[in-house]
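Contents: one structure, followed by commentary.
The values are calculated or read from the model by the stated rules, or taken from the named source; none is laboratory data. Small disclaimer: the values here were computed from a predicted structure and weren't measured. Positions of Cβ are generated from backbone atoms using ideal geometry, with glycine treated the same way; all protein chains shown enter the neighbour counts.
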Amino acid sequence: MNILILGNGQLGQMLGKAVIQHGHQCLLYSDREHKVKALGSQQALAMSLAEATAWADVATWEHEHLAEEIITTSADKILLKPEQFARITDRRSQKQLCDDLGIPTSPWRAYENAEQLAEILQHCDRAVVIKSAKGGYDGKGQWRWKPGQEIDTVAAEAGVRPGIVEDMIAFTDEVSVVAARSHDNQQCAYPLTLNVHQNGILSYSLAGTTSWSNKLEQLAQQHHAKLCEALDYVGVLAIEFFVVGEGEQQQLLVNEVAPRVHNSGHWTMSGANYDQFALHIRAITGMPLPELLCAPTLMLNAIGVAGYPELLWKAAAADCHWYGKDPRPGRKVGHINMIIDNAERGVQLAQEWAPQLQQLAE
Ligand code: ATP
Ligand code: MG
Ligand code: MG
């Protein structure tokens, strides 16, 4: 099959490798440069997006911030209806969808402009996170505010574009479910992954270690199935959750939905018999979804650094993935996976190495 990937960042490259692995052909469309490229090549092909779409049997994407005209141009080959793509990629309609489906999510209100945002904050008695409806990632496009703080400046800044005001959640943990849905409504899910963030950026993920209750694992998969069915979505989709409450009262609140492969699924490149990229390609090309076997794995993001610390790079146990990007503080440039014995060892390794692998700010 001919597969077109919209977006040409690291997720696009990793998806592209899975396309080739499965014996298909692959082109990538860089929406930043408006150019079509072959996998691993910097050189643009003499081909428009419309021509690449005509070439493709299926089009998929690596990120959800694609301009509307890209989705419109490739709509014939995309497995998701454009209106559903728009619905899940705007925080307002995404949150509304969760509410409509009875999937618990952090309490939220939408605003259209600075005036409405200021009005909401004036009547707000709790700490909140203000998030742009579209375009945010790695904590960008977010503002934190609590009662007593000045309103006008934050409202003017955040209110340039529509967004949501979300209650600040006192979570015990952050977890995600990465799972695929097939054309015939089958689900294939990796175990819940624990995610630890620094400055709104994913620092590390631990998977296959923590004994989350069956109840939480099942809840996450049920929420995933409900969302995918409502969207008629095919492929890998990730949901980020806040874990709140203790023991029997433990609950999952949706933080956000990422309709694509996800950073918190990168551990599967070393810790699972089928990684998330292979799983996505299998799902969108109509192959049967596999039975997953997973090993306890730590995934450490490399952020803003020019290379790996030598000791780590030379460690036989460290499975390194470098993206070939210019390093800038806060920019993801690679990741390292390590199979581990248990959660404690994973946390210990993360605490030892994350500071050496991550330059988060200037
Ligand atoms: P991503 O890179 O995952 O797409 P993003 O920029 O879309 O991130 P969010 O996932 O909404 O942003 O938020 C980033 C992080 O900020 C969360 O993982 C969490 O640690 C923190 N955060 C966001 N919203 C809240 C909230 N309502 N309460 C507490 N913490 C929050
Ligand atoms: Mg996001
Ligand atoms: Mg997030």
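Test of understanding: among Glu246, Glu174, which residue is charged (D, E, K, R), more than 19 Å from Ser93 (Cα to Cα), surrounded by fewer than 22 Cβ atoms within 10 Å (Cβ to Cβ) and away from ligand 3 (no atom under 16 Å from the Cβ)?
Only one candidate passes the filter, namely Glu246.
I'd like the full set of residues that are among the hydrophobic types (A, V, I, L, M, F, W, C) and within 15 Å of ligand 2 (Cβ to nearest atom), limited to the stretch 124-142.
Listed by number, the residues that qualify are Val129, Ile130, Ala133.
Looking at the structure I just gave you, is Leu206 buried (at least 22 other Cβ atoms within 10 Å of the Cβ), at pLDDT 95 or above, more than 21 Å from Pro290 (Cα to Cα) and in contact with a Gly (Cβ under 8 Å, 6 or more places away or on another chain)?
Yes, satisfied.
Six or more apart or on different chains, Cβ atoms under 6 Å: show the pairs whose first residue is in the stretch 121-138 and in contact (Cβ under 8 Å) with a residue 40 or more places away in the chain and more than 10 Å from ligand 1 (Cβ to nearest atom) and whose second is in a loop (DSSP other than H, G, I, E, B) and not acidic (Asp, Glu).
Here the result reads Leu121/Ile151; Ala133/Pro162, each pair linking the stretch 121-138 to a residue that is in a loop (DSSP other than H, G, I, E, B) and not acidic (Asp, Glu).
Considering every residue within the stretch 150-161, establish whether at least one is among the hydrophobic types (A, V, I, L, M, F, W, C), part of a strand (DSSP E or B), within 16 Å of ligand 1 (Cβ to nearest atom) and crowded, with 22+ Cβ neighbours inside 10 Å.
Checking the stretch 150-161: not a single residue is among the hydrophobic types (A, V, I, L, M, F, W, C), part of a strand (DSSP E or B), within 16 Å of ligand 1 (Cβ to nearest atom) and crowded, with 22+ Cβ neighbours inside 10 Å.
Could you grab me the full set of residues in the stretch 112-137 that are within 16 Å of ligand 3 (Cβ to nearest atom) and either in contact with a Leu (Cβ under 8 Å, 6 or more places away or on another chain) or over 23 Å from Phe85 (Cβ atoms) (or both)?
Result: Val129, Ile130.
Going through the stretch 37-75 one residue at a time, which ones are surrounded by 12 or more Cβ atoms within 10 Å (Cβ to Cβ), within 21 Å of Val261 (Cα to Cα) and of a type in the set (A, V, I, L, M)?
If the condition is that a residue be surrounded by 12 or more Cβ atoms within 10 Å (Cβ to Cβ), within 21 Å of Val261 (Cα to Cα) and of a type in the set (A, V, I, L, M), then Ala38, Leu39, Ala56, Val58, Ala59, Leu66, Ile70, Ile71, Ala75 are the ones that fit.
Output the strands (runs of 3 or more DSSP E) that fall wholly within the stretch 238-348 and possess 1 or more residues being of a type in the set (S, T, N, Q) and under 21 Å from the mean Cα position of the chain (by Cα), or say none.
251-258, 297-303, 332-339
For the structure I just gave you, tell me whether Glu229 is away from ligand 1 (no atom under 16 Å from the Cβ), surrounded by fewer than 20 Cβ atoms within 10 Å (Cβ to Cβ) and at pLDDT 95 or above.
For Glu229, the condition - away from ligand 1 (no atom under 16 Å from the Cβ), surrounded by fewer than 20 Cβ atoms within 10 Å (Cβ to Cβ) and at pLDDT 95 or above - is met.
Consider the stretch 258-270. How many of its residues are away from ligand 3 (no atom under 15 Å from the Cβ) and crowded, with 24+ Cβ neighbours inside 10 Å?
Residues that pass the stated criteria total 2.
From the list Asn273, Asn255, Asn199, pick out the single residue that is surrounded by fewer than 22 Cβ atoms within 10 Å (Cβ to Cβ), modelled with pLDDT under 95 and within 23 Å of Met299 (Cα to Cα).
Asn199
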